[in-house]
Amino acid sequence: MPDQEESVASSQSTSYAKFLPELSSLTKPFWEYCEKHELRMQYCAKCSQWIWYPKAWCPSCGDRKSIEWRKLSGVGTIYSFTIIRQVIDNSPAFQADIPFIIGLIELEEGPRIYSNVTGTPIDSVSIGDRVMVYFDDVTQEISLPKFRKY
Amino acid sequence: MGLGKSFAIIGYGETPVSRARVDKGEARLSVEEYFAWASELALKDAGLEKREIDGQGVGIAGCAFPHAEIWSAEVIQNLGFRPKLLLRSDHGGMCGASLLLQAGIAVYSGVVDYVLCVGADTPMNISTPGAVRTWRYENDFQKPFGMMGPNSQFAFIQRRHMHQFGTTPEQLGRVAISQRNNATKNPNAYLKTPLTMEQYLSSRLIADPIRLYDACIPVNGGLAFIVTTLEKAKRIAPGKAVPILGIAESDNYFHDSNIRPDITYLGVTESSRMAFEMARIKQEDVSFFQPYDDYTIAVIMQIEDAGFCEKGKGGRFVEEHNIEASGDFPINTGGGQLSSGQPAMAGGFVHIVESVRQLRGEGGERQVKDARIGVATGLGAISYGNNLTNTMTIVFGRPVD
Ligand SMILES: [Zn+2]
């Protein structure tokens, strides 16, 4: 069962075998904040809307200039989730983690993010559970924002 | 005047499908061969010669393999067509429906008289994992967390539908079992052995709550259809041209909130309302429904979203109705992609071709009695945090003389 200890252990290994994001000028700020263990997302100051995943303009109002990277509390609830029991079309390195949980987490500020919910038995997760972000430093540059129940 | 009742499908083609299991005696054909085969079948069915497509329109569906940006050009070179309009769709499961709409607009406007739309794909020939590049948000914000493509995406949708409306595995199983029973009467279906509820419930969980038998089965195959105006259709294909009474698309639909959508509602809510209005029909006029079926939950959601029952009652609907081809509300009469197979990007052609076949009375053992009006949908591209980006609803009528 994947728990936090295992995640920490995997992070210390030199060859990280799982998929990593490709950084672009658009997505780089997100990952740089993650590296500092800060969860930030784009926010359109013009129409007061959160934007996630990173976009090149505000998908609500079309403004390009009013987008800022705002900090989130990192607290949210599980809107929906899946328990992955078979690796298909992803890195075989996930095989060692099976079964593991991916939640669609609704952050208290509004946006929803897909991420792992760890440190809890597989059958103890429900829709509506409160979760809190933590950062798994999987490589030198990439820290994945993951969640645990709290 | 309007797009509704202005154009028709005058011919279709559907190749046998294969899982490319050479060890089991199955064919392992290239995608080029499927494109040619499906085109040949559709032309023959419409009574057209290949050269009659020169100066007309050709519509090509995107393809998982080879995955080239310039693809329609390659296909028409391979096939030797010389069209004056080349349409292309990259809408995943909505490719067939999108090409039908594009072709309809093209013949309605008079730019061309005919459009041959072809989709073929060979997912079973792809042996290298990761050979198919997916969309960037999946690579960057889903795969690093272990998301496993459509299975995991649909797991969120199904879990949420079960949570909000109490939809049960047994209700989802009814969809899989009923469609399999339809497939037993479809010579072209890949899976033709009846499925029991026990087998469904004990099939392995892939991305829990999605089970093996909740998902469609990938196959190699090709499908095609030919579109012309209703006027010309009456002249060249009397008695077998199936008119499109209504057709409407809804893209990037969200229910309630764009950052916090209710993911149990599809854009089919909107596309169906518009298509039914265009066709001037009501739900009770519909003889059969061919909803895009990559997963069982998609079928249940679309029964609701197309207005055949109240939102959230789709599970109960499939318990209270017989949804087999011989039943009171026939759904995916050829087995759909769940049982007949999904030729990747050409999968959305299945629902169109089966609708035409049924309305022409060519359903054989699975013919729907007194089929008058059929509805099909296409769904494409699974979005981040929502469900399907592309949705289309099509209303077909009886052949015109
Ligand atoms: Zn804005």
Query raised in the report: Say we look at the stretch A:87-99 and pick out the residues that are at the interface with another protein chain (Cβ under 9 Å from one of its Cβ atoms) and open to solvent by 60 Å² or more (accessible area, probe 1.4 Å); which of these is modelled with the highest pLDDT?
Result: A:PRO92
Report task. Filter the stretch B:322-352 down to residues that are farther than 19 Å from B:ASP214 by Cβ and under 9 Å from the mean Cα position of the chain (by Cα), then give me how many there are. Result -> 3
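For the condition farther than 18 Å from B:GLY385 by Cβ, within 11 Å of chain B (Cβ to nearest Cβ) and without any contact (Cβ under 8 Å) to a residue 60 or more places away in the chain, what is the one hit in A:SER48, A:SER24, A:SER15? Lay out the reasoning, then the answer.
Numbers: A:SER48 fails: within 11 Å of chain B (Cβ to nearest Cβ); A:SER15 fails: within 11 Å of chain B (Cβ to nearest Cβ).
After ruling out the rest, the residue left standing is A:SER24.
Quick one: which of A:ILE102, A:ILE84, A:ILE113 is more than 7 Å from chain B (Cβ to nearest Cβ) and of a type in the set (A, V, I, L, M)? Steps first, please.
Values: A:ILE102 fails: more than 7 Å from chain B (Cβ to nearest Cβ); A:ILE84 fails: more than 7 Å from chain B (Cβ to nearest Cβ).
After applying the criteria, what remains is A:ILE113.
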Report task. Count, please, the residues in the stretch B:321-361 that happen to be within 14 Å of B:THR184 (Cβ to Cβ) and among the charged types (D, E, K, R). Result -> 1
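Given the criteria under 26 Å from B:SER339 (Cβ atoms), not small (Gly, Ala, Ser) and not assigned by TED's automatic domain parsing to the domain that holds B:ILE352, does B:LEU223 qualify?
When the stated conditions are applied, B:LEU223 passes them.
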Query raised in the report: What are the residues in the stretch B:387-401 that are open to solvent by 10 Å² or more (accessible area, probe 1.4 Å) and within 20 Å of the chain's Cα centre (by Cα), if any?
Result: B:THR389, B:ASN390, B:ARG398
Query raised in the report: Looking at this structure, is B:LEU86 open to solvent by 40 Å² or more (accessible area, probe 1.4 Å), in contact with a helix residue (DSSP H, G or I) (Cβ under 7 Å, 6 or more places away or on another chain) and either closer than 22 Å to B:MET345 by Cα or not in a loop (DSSP other than H, G, I, E, B) (or both)?
Result: yes
**Report entry** Within the stretch B:153-177, tally of residues that are open to solvent by 10 Å² or more (accessible area, probe 1.4 Å) and away from chain A (no Cβ under 14 Å)
**Finding:** 6
Query - Output for the stretch A:116-144, where each listed residue is within 9 Å of chain B (Cβ to nearest Cβ) and either within 24 Å of A:GLU22 (Cα to Cα) or buried (at least 18 other Cβ atoms within 10 Å of the Cβ) (or both) - result: A:ASN116, A:VAL138, A:ILE142, A:LEU144
Report summary line: Scanning the stretch B:197-215 residue by residue, those among the acidic types (Asp, Glu) and either away from every other protein chain (no Cβ under 14 Å) or in a loop (DSSP other than H, G, I, E, B) (or both) turn out to be B:GLU198
Query raised in the report: at pLDDT 95 or above and within 16 Å of the ligand (Cβ to nearest atom) - does that describe any residue in the stretch A:130-148?
Result: no
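Could you tell me how many of the residues in the stretch B:177-196 are of a type in the set (D, E, K, R), within 14 Å of B:GLY341 (Cβ to Cβ) and assigned to a loop (DSSP other than H, G, I, E, B)?
First, the residues of the stretch B:177-196 that are of a type in the set (D, E, K, R): B:180, B:185, B:192.
Narrowing further to those that are within 14 Å of B:GLY341 (Cβ to Cβ): B:180, B:192.
Then drop every residue that is not assigned to a loop (DSSP other than H, G, I, E, B), which leaves B:192.
The number of residues fulfilling the criteria is 1.
Does the stretch B:200-211 include one or more residues that are in contact (Cβ under 8 Å) with a residue 60 or more places away in the chain and in the same structural domain as B:ARG316 (by TED's automatic domain parsing)?
If we filter the stretch B:200-211 for residues that are in contact (Cβ under 8 Å) with a residue 60 or more places away in the chain, which is where we start, we get B:210.
From what's left, in the same structural domain as B:ARG316 (by TED's automatic domain parsing): B:210.
The answer is yes, given that some residue of the stretch B:200-211 is in contact (Cβ under 8 Å) with a residue 60 or more places away in the chain and in the same structural domain as B:ARG316 (by TED's automatic domain parsing).
Table: residues versus (1) open to solvent by less than 50 Å² (accessible area, probe 1.4 Å); (2) within 8 Å of the ligand (Cβ to nearest atom).
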| site | (1), (2) |
| --- | --- |
| A:CYS47 | yes, yes |
| A:TRP50 | yes, no |
| A:SER60 | no, yes |
| A:SER66 | yes, yes |
| A:LEU72 | yes, no |
| A:THR77 | yes, no |
| A:ILE84 | yes, no |
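So is A:PRO111 of a type outside the set (Phe, Trp, Tyr) and away from the ligand (no atom under 16 Å from the Cβ) or not? Steps first, please.
Numbers: of a type outside the set (Phe, Trp, Tyr): yes; away from the ligand (no atom under 16 Å from the Cβ): no.
It is false that A:PRO111 is of a type outside the set (Phe, Trp, Tyr) and away from the ligand (no atom under 16 Å from the Cβ).
The values are calculated or read from the model by the stated rules, or taken from the named source; none is laboratory data. Source: prediction; values computed, not measured. Using ideal geometry, Cβ is built from the backbone for each residue, glycine included, and neighbour counts are taken over all protein chains shown. Surface areas here come from the heavy atoms of the whole protein model, side chains and all, with no ligands, DNA or RNA. Shrake-Rupley method; radii C 1.70, N 1.55, O 1.52, S 1.80 Å.
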